[in-house]
Amino acid sequence: MEIRIEHLTKDYGKTRALSDVNLSILDGELFFLLGPSGCGKTTLLRSIGGFEQPTSGKIYFDGEDVDGQPVHQRNTAMVFQGYALWPHLTVRENVAFGLEMKKLPKDEVVRRVDRVLREVQIAEFADRKPNQLSGGQQQRVALARTLVVQPGCLLLDEPLANLDAKLRRDMRLEIRRICKENHLTAIYVTHDRAEALSMADRLAVFRDGRIEQVGTPEEVYRRPVNSFVANFIGETNLREGTVVHFRADGAAVVETALGSLVCSTIPSSCKPGEKVLLSMRPEAFRKCDSEAENSFAMTLKHIDYLGELADQIGETADGKALKFFEINPRGRAEAGTVIRLAIAPEDIICLADHV
């Protein structure tokens, strides 16, 4: 199912939850709505499912305007943050409930329920009650209950929020596998960037009811359009600078408090003398011993050794803090040590805030 949203606005009294949202979601795409609490992502999901009526704007399913269509006619199914399972029914009975409401033949119900229980790998728990299952198993039941009705679009509202870290990682893989094997269009709401980056085909970052950026996980992470997206999608270091000149290869030389930095992401429309805001991810830095291009000194102030990496905070010449990840650290550096870092021109991102 292809979903198109045009100029969607939703008001709750004087509060605007969504403001002129435009979005296209492709058939079979696993699409994420990502943003902080209260940014409008769940309101958009509920509007797509028919649980909320937009103040203005249109929603199209495969080109058909679904304005006014009730929930049960939209060919969507919702997986909620709470599992919402019937406690007095078995797993099989919970999954079969929607099909029985549709009054399908009994043998068809049995066939479809058996198939989906195998697909989500809980067939051995078919006769158990929900209180006899773990959180991950209950989430699989909730997923099976939506899949069994064969929706054109699966709507997921923070479905993994109640699971521990390991179960969340396991269920990410399972949800993506199930969606892809069934060629489901899925729209997934979360504030967890790890879920979005590891699972999404594409994602939209929301702020205050508006979309800030749409793209693949790599596009949004490596080329955020502004400081809000850069900070929300991952940790970053921000520094202001002034464009000095453009080199023959198209890269710009930017004067900053760290010194002159070469940046290959600044639009050619920028002019010498123009102020810019630069984003540099902590993992993009590397230690260097000499006066390498884009290098500067930093005094270590705090080191967290995490095994696979050392999360380090230092102070640069401008007196500001800078975060640096050292991958596979050997030995532990001490606070007060002066180190030299360098960063590649393509890893310095020019943001739209000052362009």
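Bear in mind these aren't lab numbers, they're just calculated from the coordinates by the rules spelled out. Everything quoted here is computed from the prediction, not taken from an experiment. Heads up, the Cβs are rebuilt from the backbone with ideal geometry, glycines too, and the neighbour counts pull from every protein chain shown.
The eigenvalues of the Cα gyration tensor, multiplied by 5 and square-rooted, give the chain an equivalent ellipsoid with semi-axes of 46, 26, 15 Å from largest to smallest. Charged neighbours of Cys350, selected by a Cβ distance under 12 Å, balance to -2 (K, R count +1; D, E count -1).
On average over all directions, what projected area in square nanometres does the stretch 228-355 have, based on the convex hull of its Cα atoms? Spelled out: convex hull of the Cα atoms, projected over all directions, averaged, 8.0 nm².
Look at the dipole of the chain built from charges on Cβ: of Val109, Ile25, Thr316, the Cα furthest out on the positive end belongs to Val109. The Cα trace of the stretch 35-164 gives Rg and Dmax of 15.9, 47 Å, the first to one decimal, the second as a whole number.
Working ranking of peptides 148-157, 52-61 by packing, defined as the average number of other Cβ atoms within 10 Å per residue, highest first, is 148-157, 52-61. Toward the positive end of the charge dipole of the chain, with +1 on the Cβ of Lys and Arg and -1 on the Cβ of Asp and Glu, the farthest Cα among Ile327, Pro159, Gly273 is that of Pro159. Note on the chain: with a GNM built from Cα contacts shorter than 10 Å, the maximum mean-square fluctuation among Leu306, Leu238, Leu133 falls on Leu306. The sum of -39500 (n - 2.57) across all DSSP H runs of n ≥ 4, divided by the residue count of the chain, sets its helix-only mean residue ellipticity at 222 nm to -7000 deg cm²/dmol.
When only Cα pairs below 8 angstrom with a gap of at least 6 residues are kept, the stretch 235-354 shows a relative contact order of 30 percent.
Label sites at Arg128 and Ala317, each approximated as a point 7 angstrom past Cα along Cα to Cβ, lie 6.2 nm apart. The charge dipole of the chain, taken about its Cα centre with unit charges on the Cβ of Lys, Arg, Asp and Glu (plus for the first two, minus for the last two), comes to roughly 800 debye.
Beyond 16 Å, the tail of the calculated P(r) for the stretch 173-215 holds 39 percent of the Cα pairs. The charge dipole of the stretch 63-181, taken about its Cα centre with unit charges on the Cβ atoms of Lys, Arg (+1), Asp and Glu (-1) only, comes to about 360 debye. Phi angles of the stretch 319-326 translate, via the Karplus equation with coefficients 6.51, -1.76, 1.60 and θ = phi - 60°, into HN-Hα couplings of x, 9, 7, 9, 9, 9, 9, 9 Hz per residue; Gly and Pro are given as x.
A dipole drawn for the chain from +1 and -1 charges on Cβ atoms has a positive end, and of Leu238, Leu306, Phe97 the residue lying farthest that way is Phe97.
Put the Cα centre of the stretch 160-228 next to the Cα centre of the stretch 332-353 and the gap is 27 Å. Each residue in Lys129, Lys320 was given a count of other beta-carbon atoms within 10 angstrom of its own, and listing them fewest first yields Lys320, Lys129.
A quarter of the convex hull surface defined by the alpha-carbon atoms of the stretch 92-226 gives 9.5 nm² as the mean projection. Between 0 and 90 degrees, the angle of helix 135-147 with respect to the longest Cα principal axis of the chain falls at about 60 degrees.
Build a GNM of the chain with springs between Cα atoms under 10 Å apart, and of Ala248, Ala186, Ala84 the one that fluctuates most is Ala248. Placing +1 on the Cβ of every Lys and Arg and -1 on the Cβ of every Asp and Glu, with nothing else charged, gives the stretch 253-355 a dipole about its Cα centre of roughly 80 debye.
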